[in-house]
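*Asks:* Let me give you the structure first, and then I'll get to my questions.
Each reported figure results from applying straightforward, stated rules to the coordinates on display, with no laboratory input. Because the structure is a prediction, the values reported are computed rather than measured. We place every Cβ from the backbone using ideal geometry, glycine too, and count neighbours over all the protein chains shown.
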Amino acid sequence: MLDCIKVTLVIDDIYTTGATVDSIARLLKAVGVSRAYVITFSAGADMVKEAV
């Protein structure tokens, strides 16, 4: 079913450790998606401190 999808957009509510994004990226790669973009609406406090 996903064999025709090559590019996808992943929308996540929060980015803290990156575990969710990493897991979905591995899954998408396994089914043949060549490019995945990620949008999150917020980040954990530890991520914000690193970015500033």
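*Asks:* What distance in nm separates the simple spin-label points at Thr17 and Ser34, each placed 7 Å from Cα in the Cβ direction?
*Replies:* Each label point is offset 7 Å from its Cα along the Cβ direction, giving 3.3 nm.
*Asks:* Can you give the net charge of the other residues whose Cβ lies under 10 Å from the Cβ of Phe41, counting K and R as +1 and D and E as -1? The partial results should precede the final answer.
*Replies:* On the way: positive: none; negative: Asp12, Asp13.
Overall, the nearby charge balance is -2.
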